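Q: Got a structure for you, questions after.
The values are calculated or read from the model by the stated rules, or taken from the named source; none is laboratory data. Computed from a predicted model, the values in this text were never measured in an experiment. Counting neighbours? That spans all protein chains shown, and the Cβs are built from the backbone with ideal geometry, glycine included.
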């Protein structure tokens with residue numbers, strides 16, 4: 001399992017190479033990166049959500065698992081943030097540590113999560129739904145608790161912002177379609193699938209572009225970002241594993257949550273910092289380092305614990 005997983009994750013990271021070369025050769029200007037990010041956020045991401053739900057056929061059991069996933073992931077995110085808020089209470093005035101606190105739980109569970117679930121749980125194609133539920137809870141936490149932790153200012157808490165988040169809007173469409181068994185016309189479904197599956201390559205291309213704009217030496221010597229990445233991709237999955245073992249659910253549900261917890265830090269962390277105007281460099285470094293390191297952590301964590309969960 002280790003080698004196939006290593007190849008799978010390395011292949012996903014290889015998509016970053018064109019983006020890196022685009023910026024280094026000046027084929028694409030750095031100022032254009034936000035345009036690519038908007039394409040990912042407003043087109044590919046909603047299509048990924050619709051595509052994931054289209055793979056699931058309604059059943060009372062699966063519907064119950066979806067809601068269990070929602071509350072379980074909400075608990076995991078909030079508990080992780082609270083624990084590190086208490087651990088780092090003496091360093092809380094430093095925005096770099098506040099970014100650290102948020103980075104311990106917010107992960108790239110969509111663009112990374114769906115390919116991972118399709119790779120490990122191919123016999124459960126509907127498991128991709130859990131990645132979108134995890135993304136939903138992450139957005140809820142990010143736009144409320146996340147903004148407050150980084151800014152220390154309640155004015156940045158924007159629950160109304162959730163109504164404009166493309167993922168949330170796509171869920172407004174996807175969830176009723178799942179409940180009532182509705183389907184898109186075949187040509188529309190094919191287009192949605194194509195755009196949705198573009199999410200991972202496009203996300204990695206953008207990552208490569210951003211990687212080309214930073215000094216590599218400064219990046220790999222940022223110990224705080226390395227520590228945050230390790231916490232997110234090792235401690236957080238272990239915490240998720242412990243919690244899911246206490247819940248009497250099917251093995252594939254436990255495995256899904258665990259795999260999603262293994263995903264690297266989400267680019268949303270950088271977006272929150274940019275919005276607030278604090279901790280931008282720390283957030284960017286953490287996201288980049290975590291994504292690079294996941295080529296090691298995901299194969300190792302899945303090799304060690306996934307067979308145990310799927311027994």
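Q: Looking for whichever is over 13 Å from residue 99 (Cβ atoms) and at pLDDT 95 or above here; the options are 220, 234, 247. Which one fits? Full working, then the answer.
A: Working: 220 fails: at pLDDT 95 or above; 247 fails: at pLDDT 95 or above.
So the residue among 220, 234, 247 that is over 13 Å from residue 99 (Cβ atoms) and at pLDDT 95 or above is 234.
Q: Which residues, taken from the stretch 275-311, are buried (at least 20 other Cβ atoms within 10 Å of the Cβ), within 18 Å of residue 218 (Cβ to Cβ) and under 19 Å from the mean Cα position of the chain (by Cα)?
A: The answer is 282, 283, 284, 285, 286, 287, 288, 289, 290, 291.
Q: Name the one entry in 242, 228 that is at pLDDT 95 or above and out of contact with any helix residue (DSSP H, G or I) (no Cβ under 8 Å at 6 or more places or on another chain).
A: Details: 228 fails: out of contact with any helix residue (DSSP H, G or I) (no Cβ under 8 Å at 6 or more places or on another chain).
Selected residue: 242, the only one of 242, 228 that is at pLDDT 95 or above and out of contact with any helix residue (DSSP H, G or I) (no Cβ under 8 Å at 6 or more places or on another chain).
Q: Please indicate, with yes or no, whether at least one residue in the stretch 82-93 is surrounded by 24 or more Cβ atoms within 10 Å (Cβ to Cβ) and either touching a helix residue (DSSP H, G or I) at 6+ places or on another chain (Cβ under 9 Å) or free of Cβ contacts under 8 Å to residues at least 60 places away in the same chain (or both).
A: Our first condition is that a residue be surrounded by 24 or more Cβ atoms within 10 Å (Cβ to Cβ); within the stretch 82-93, this holds for none.
Checked against the condition, which is being surrounded by 24 or more Cβ atoms within 10 Å (Cβ to Cβ) and either touching a helix residue (DSSP H, G or I) at 6+ places or on another chain (Cβ under 9 Å) or free of Cβ contacts under 8 Å to residues at least 60 places away in the same chain (or both), the stretch 82-93 yields no hits at all.
Q: Condition test on residue 237, is it in a helix (DSSP H, G or I) and more than 24 Å from residue 46 (Cβ to Cβ)?
A: Numbers: in a helix (DSSP H, G or I): yes; more than 24 Å from residue 46 (Cβ to Cβ): yes.
Spelling it out, residue 237 is indeed in a helix (DSSP H, G or I) and more than 24 Å from residue 46 (Cβ to Cβ).
Q: Return the residues of the stretch 293-311 that are in a helix (DSSP H, G or I) and in contact with a helix residue (DSSP H, G or I) (Cβ under 7 Å, 6 or more places away or on another chain); say none if nothing qualifies.
A: Of all residues in the stretch 293-311, those in a helix (DSSP H, G or I) come to 293-309.
Within the stretch 293-311, 293, 294, 295, 297, 298, 299, 301, 302, 303, 305, 306, 309 meet the criteria.
Q: Then there is this: Out of (1) crowded, with 17+ Cβ neighbours inside 10 Å; (2) over 15 Å from the mean Cα position of the chain (by Cα); (3) modelled with pLDDT under 95, what's the single condition that is false for residue 272?
A: Result: residue 272 fails condition (2) only.
Q: Moving on to the next point. Do we have residue 161 as farther than 20 Å from residue 56 by Cα, assigned to a helix (DSSP H, G or I) and more than 20 Å from the chain's Cα centre (by Cα) here? Before you say what the answer is, go through the steps one by one.
A: Values: farther than 20 Å from residue 56 by Cα: yes; assigned to a helix (DSSP H, G or I): yes; more than 20 Å from the chain's Cα centre (by Cα): no.
Considered against the rule, which asks whether it is farther than 20 Å from residue 56 by Cα, assigned to a helix (DSSP H, G or I) and more than 20 Å from the chain's Cα centre (by Cα), residue 161 comes out as no.
Q: For the stretch 242-270, how many residues meet the condition of being free of Cβ contacts under 8 Å to residues at least 12 places away in the same chain and within 19 Å of residue 16 (Cα to Cα)?
A: Final tally of qualifying residues: 0.
Q: When you go through 86, 50, 106 one by one, which is the residue that is within 19 Å of the chain's Cα centre (by Cα) and more than 30 Å from residue 183 (Cβ to Cβ)? Please lay out each step first, then the result.
A: Numbers: 86 fails: within 19 Å of the chain's Cα centre (by Cα); 50 fails: more than 30 Å from residue 183 (Cβ to Cβ).
Selected residue: 106, the only one of 86, 50, 106 that is within 19 Å of the chain's Cα centre (by Cα) and more than 30 Å from residue 183 (Cβ to Cβ).
Q: Same structure again: Being under 25 Å from residue 55 (Cβ atoms), free of Cβ contacts under 8 Å to residues at least 60 places away in the same chain and touching a helix residue (DSSP H, G or I) at 6+ places or on another chain (Cβ under 9 Å): is that true of residue 190 here?
A: No, not satisfied.
Q: Looking only at the stretch 47-74, count every residue that is more than 25 Å from residue 193 (Cα to Cα) and surrounded by 13 or more Cβ atoms within 10 Å (Cβ to Cβ) and tell me the total.
A: Residues flagged as more than 25 Å from residue 193 (Cα to Cα) and surrounded by 13 or more Cβ atoms within 10 Å (Cβ to Cβ) within the stretch 47-74 amount to 4.
Q: Out of 148, 126, 178, 130, I need the residue that is within 15 Å of residue 261 (Cβ to Cβ) and in a helix (DSSP H, G or I). Which one? I'd like the intermediate steps shown before the answer.
A: Working: 148 fails: within 15 Å of residue 261 (Cβ to Cβ); 126 fails: within 15 Å of residue 261 (Cβ to Cβ); 178 fails: within 15 Å of residue 261 (Cβ to Cβ).
Of the residues listed, the single one that is within 15 Å of residue 261 (Cβ to Cβ) and in a helix (DSSP H, G or I) is 130.
Q: Go through the stretch 112-123 and count every residue that is under 12 Å from the mean Cα position of the chain (by Cα), surrounded by 24 or more Cβ atoms within 10 Å (Cβ to Cβ) and in a helix (DSSP H, G or I). Lay out the reasoning, then the answer.
A: Restricting attention to the stretch 112-123, the residues satisfying the condition of being under 12 Å from the mean Cα position of the chain (by Cα) are 112-116.
Okay, now just the ones that are also surrounded by 24 or more Cβ atoms within 10 Å (Cβ to Cβ), so 112-114, 116.
This time we only want the ones that are in a helix (DSSP H, G or I), so: 113-114, 116.
Qualifying residue count, the stretch 112-123: 3.
Q: Right, here's the next one. State whether the residues of the stretch 248-262 include one that is part of a loop (DSSP other than H, G, I, E, B) and closer than 26 Å to residue 3 by Cα.
A: Taking the stretch 248-262 and keeping what is part of a loop (DSSP other than H, G, I, E, B), we get 248-250, 262.
Still in the running and closer than 26 Å to residue 3 by Cα: 262.
For the stretch 248-262, residues part of a loop (DSSP other than H, G, I, E, B) and closer than 26 Å to residue 3 by Cα: present.
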